[in-house]
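What follows is one structure encoded as structure tokens, with my remarks underneath.
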Amino acid sequence: MPARNGDAVGTSPRARGPIVRSSGVPGAYPGLVSTTSGDRREAPIGIIAGTGFYELAQLADATSREVTTPFGIARLTLGRWHGLAVAFLTRHGTGHGVPPHLVNYRANIAALRDVGARDVFAVNAVGSIDPALAPGDLVLLDDFLDFTKARALTFFDGSTPEGVVHVDVSTAYHPELRRELLQAAADCGQPIRDGGVYAAFEGPRFESPAEVRMAGLLGGTVAGMTGIPECTLAVEAGLRYAAVALVCNPCAGLVDEPVTVEEVNATLAASGERVLAVLDRLLATRAATR
């Protein structure tokens, strides 16, 4: 990675030994613009969504911006929602042209940090591992399992001055943001399950029945393809992150019928507004109290 202003050049980062950081530590990644000072309420709120969410009609004065990061270019839509600054990112691109295993997660998180975001709310379209969950249900995530295998997983690849960094992810889904989402859901009358384990698979294929059984035995609640490393990169970047999962289908093996994209899209069309209603209430509450 090329050196940036303030980077140590000609030293051996590995000689410094491993560094351990707690989750949510601001400024964890040195290559991103620091946003640790000032009023958090004046920073843009990051919103990340994927399948079925390619634009936010709620944004006023929306403008597109390409943000160049050390990891590539990310495309954001900047605007205002209830008067609050928002930076919106759609993982797969506006035409759903980027498969989950090729999403540039590092560039996306770096770009949100670069434009000043500190809080990030994510939406994940998922399949249900827990048979008690039905299409259209909302789950507020609180933990994850990572079964991905071919992605850039960290900002700390040993090439930065910090060398090896071990980041704690015990509360990767930030408790305060989770409380805000729970309250917003209650306020707007949207039922949501408090707590769920996101099992991240590589994609773009759907999971096999045996993989689903394995994830269930390990505590997985829902399965998806994009939640990791997005969540853990946010932790590394010092961003507060929380995610709502929208159940779109039962996972393979839970029902006799095969999983289809058409089934996923039908649920998104019928229930996507539920997630937006929760975000709308959350932002309205923040706007009223700033």
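The values are calculated or read from the model by the stated rules, or taken from the named source; none is laboratory data. Quantities reported herein were computed from a predicted structural model and do not represent experimental measurements. Note that we place each Cβ from the backbone using ideal geometry, even for glycine, and neighbour counts take in every protein chain shown. Quick note on the areas: whole protein, heavy atoms, side chains included, nothing else; ligands and nucleic acids left out. Shrake-Rupley method; radii C 1.70, N 1.55, O 1.52, S 1.80 Å.
Between residue 63 and residue 202, the distance separating the two model label sites (each 7 Å from Cα on the Cα→Cβ line) works out to 4.1 nm.
Of the two radii for the chain, the radius of gyration is 0.96 times the Kirkwood radius, both from the alpha carbons; that is the Rg over Rh value. For the chain, the Cβ-based charge dipole about the Cα centre amounts to some 860 debye (Lys, Arg positive; Asp, Glu negative; other atoms uncharged). When each of the peptides 137-144, 73-80 is scored by how many other beta carbons lie within 10 Å of its residues on average, the order from highest to lowest is 137-144, 73-80. What is the angle, in °, between the Cα long axis of helix 227-236 and the longest principal axis of the Cα atoms in the chain? Nearest 10 is fine, range 0 to 90. Once rounded, one gets 30 degrees.
For the chain, modelled as a GNM whose springs connect Cα atoms under 10 angstrom apart, the maximal fluctuation among 265, 124, 249 occurs at 265. The fraction of accessible area contributed by carbon and sulfur in the chain is 52 percent, rounded to a whole number (1.4 Å probe; ligands and nucleic acids excluded). Roughly what angle does helix 261-289 make with the longest principal axis of the chain, taking Cα atoms, 0 to 90 degrees, to the nearest 10? Approximately 60 degrees, to the nearest 10. Taking every alpha-carbon pair under 8 Å whose residues sit at least 6 apart, the chain reaches a relative contact order of 27 percent.
One chain, two ends: residue 186 and residue 54. Fully extended at 0.36 nm per residue, the span grows by 44.9 nm beyond their Cα-Cα distance.
Here the contact order of the stretch 176-290, divided by its residue count and restricted to Cα pairs under 8 Å and six or more residues apart, works out to 35 percent.
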